[in-house]
Amino acid sequence: MLIRPTSTDEADALAAVHRSAFGADLEADLARALILDDAYVPSLSFAAEEGGKLIGHVLFTRAWLNRDDGMPGFPLLLLAPLSVVPGSQREGIGTVLVEAAITLARDGGEIAMLVFGDPAFYGRFGFVAAGPSGIRPPHPAEPEWGWQVLELAEGILGAPGTLKVAAPLDSPEMWRE
């Protein structure tokens, strides 16, 4: 299996991975829109390939924390979506994709990454409930326990504020499970 960075030229092929994994167009359309958005972070978005075929993808976009105290905000990362095609699920591919992104993000000086997902999965990487950090999603997250943060630079978080996200993620429907 090959883990490699992705590019905007692969938007349709990567969207097909999400369509296959989720069995619906919603995640595929979201992935494609995010890949083509200016907030896309291709250096931290990875594909898993086996035999020349795409079998998994993790996507990161740049987000911005608008602080409640009026002080300057700062950039963060948002992980969404992550997918592995059905025939390759439960083989650790999603784990490898997320671990690769976390390592590069930490080494690259990123502050934190956020995700709206399953705490049982993301907790394995050190993600914790984001509520206590004071970082709020752009719309209420339902269920609230799915909103999580991973601090990459110790002691950076603690300034409450609302996250500004890429346009394709900035709708209430995107924040409901």
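Where a number appears in this text, it was derived from the coordinates with a stated rule and is not lab data. Bear in mind that the values here come from a model prediction, so they are computed numbers and not experimental data. FYI the Cβ positions are ideal-geometry reconstructions off the backbone, even for glycines, and counts take in every protein chain you see.
Where does each of HIS139, HIS57 land when they are ranked from fewest to most other beta-carbon atoms within 10 angstrom?
Going from sparsest to densest Cβ surroundings: HIS139, HIS57.
I need the Kirkwood Rh of the chain: take the reciprocal of the average 1/r across all distinct C-alpha pairs and report it in angstrom. That comes to 16.2 Å for the chain.
Note the angle between two axes, namely the Cα long axis of helix 93-107 and the longest principal axis of the Cα atoms of the chain, as a number of degrees from 0 to 90, rounded to the nearest 10. Once rounded, one gets 50 degrees. Using the Karplus relation 6.51 cos²θ - 1.76 cosθ + 1.60 with θ = phi - 60°, the per-residue 3J(HN,Hα) values for the stretch 168-177 come to x, 9, 8, 8, x, 5, 6, 10, 10, 7 Hz, with x marking Gly and Pro. Of all beta bridges that DSSP places with both ends in the chain, some 85 percent have antiparallel geometry. For GLY73, the residues 5 or more places off, or on other chains, whose built amide H falls under 5 Å of its own are ARG67. Relative to the dominant Cα principal axis of the chain, helix 11-22 is inclined by about 90°.
Put simply, the amide H of GLY161, placed in the peptide plane, has neighbours under 5 Å in ASP68, ILE135, ARG136, leaving out anything fewer than 5 places away on its chain. Phi angles across the stretch 110-118 convert, under the Karplus curve 6.51 cos²θ - 1.76 cosθ + 1.60 with θ = phi - 60°, into 3J(HN,Hα) values of 5, 7, 6, 10, 10, 8, 10, x, 6 Hz, Gly and Pro given as x.
Close amide H contacts of SER45 (hydrogens built in the peptide plane, cut-off under 5 Å, sequence separation of 5 or more or a different chain): THR6, PHE60.
Mind pulling the angle between the C-alpha long axis of helix 25-35 and the longest principal axis of the chain? Nearest 10 degrees, somewhere in 0 to 90. Relative to the chain, helix 25-35 is tipped by roughly 70 degrees.
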